[in-house]
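Down below is the structure, laid out as structure tokens.
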Amino acid sequence: MSTTVTPQLEPDVLRSRIERFRKVQSEIVAQVRRVIVGQEEVLEQVMIGLFVGGHCLITGLPGTAKTLLVRTMAQTLGLVFKRIQFTPDLMPSDITGTDIIEEDNTTGRRTWTFVPGPIFANVLLADEINRTPPKTQSALLEAM
């Protein structure tokens, strides 16, 4: 059995890191509020999910800026944003990506190429997951 010793930070260093975190958080909120009006509680909860590296389930009536909020957060942070509209005919490879054979017309040589799906993004919005088959839902959960 091994134990890991975490070095303790000096109080001044810790205070400066906390102050920097608060400043960055307030700058992010200010930028997002330029686009999103209201929704303070949702914004706070999405930020918590972002900071802890988790996933968020955002529910609400149509037209309450759920997609706009997530897209704006990603743009504010300079992250790659993708959205998947789940439909009954969506296949797992449609979200994870697939291998294709590409042929070079000049040489006739064939190569396998992986075409990444939308799951390869920093921020992914999965819309109406309940409409897709279980195997596609499973592929999303496995990727998460």
In the chain, carbon and sulfur make up what percent of the accessible area (probe 1.4 Å)?
54
Taking the alpha-carbon distance from Lys82 and a cut-off under 24 Å, which lysines remain once sequence neighbours fewer than 8 residues away in the same chain are dropped?
Lys66, Lys135
Rounded to the nearest 10 degrees, the helix 11-33 long axis (Cα) sits at an angle to the longest Cα principal axis of the chain of 60
Karplus couplings for the stretch 72-78 from phi (6.51 cos²θ - 1.76 cosθ + 1.60, θ = phi - 60°), rounded to Hz, Gly and Pro as x?
5, 4, 5, 5, 4, 8, x
The stretch 64-144: which trypsin sites (Lys or Arg not before Pro) are DSSP loop and have at most 13 other beta-carbon atoms within 10 angstrom?
Arg109
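Taking the square root of 5 times each eigenvalue of the Cα gyration tensor, what semi-axes in Å does the equivalent ellipsoid of the stretch 52-113 have, largest first?
36, 16, 11
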Spherically averaged projected area of the stretch 13-79 from its Cα convex hull (nm²)
4.9
With the dipole of the chain defined by +1 on each Lys or Arg Cβ and -1 on each Asp or Glu Cβ, the option from Gln39, Leu68, Ser26 whose Cα lies farthest towards the positive pole is Ser26
Can you give me the P(r) profile for the stretch 81-143? Cα pairs, bins 10 angstrom wide beginning at 0, each as a whole percent.
21, 43, 20, 13, 2
Ignoring solvent entirely, what values of log10 I(q)/I(0) come out of the Debye formula for the stretch 10-144 at 0.11 Å⁻¹ when each Cα is a single scatterer?
-0.56
The chain - share of DSSP beta bridges that are antiparallel (%, nearest 5)
60
Measure nothing but the geometry: give the 0 to 90° angle between the long axis through the Cα atoms of 134-143 and the longest principal axis through the Cα atoms of the chain, rounded to 10°.
50
Would you mind working out the accessible area per residue for the stretch 81-143, using a 1.4 Å probe, and quoting it in Å²?
70
Would you mind estimating how fast the stretch 1-50 diffuses translationally, via Stokes-Einstein at 10 °C and 1.306 mPa s with the Kirkwood radius over Cα pairs, in µm²/s?
118
Let me have the 222 nm mean residue ellipticity of the chain computed from DSSP H runs of 4+ only, each contributing -39500 (n - 2.57), with the sum over all residues rounded to the nearest 500.
-13500 deg cm²/dmol
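The values are calculated or read from the model by the stated rules, or taken from the named source; none is laboratory data. Predicted model, so just to flag it, every value in this text is computed and none were measured. Cβ coordinates were reconstructed from backbone atoms using ideal geometry, including for glycine residues, and neighbour counts include every protein chain displayed. Areas reflect the complete protein model, heavy atoms only, side chains present, ligands, DNA and RNA absent. Shrake-Rupley method; radii C 1.70, N 1.55, O 1.52, S 1.80 Å.
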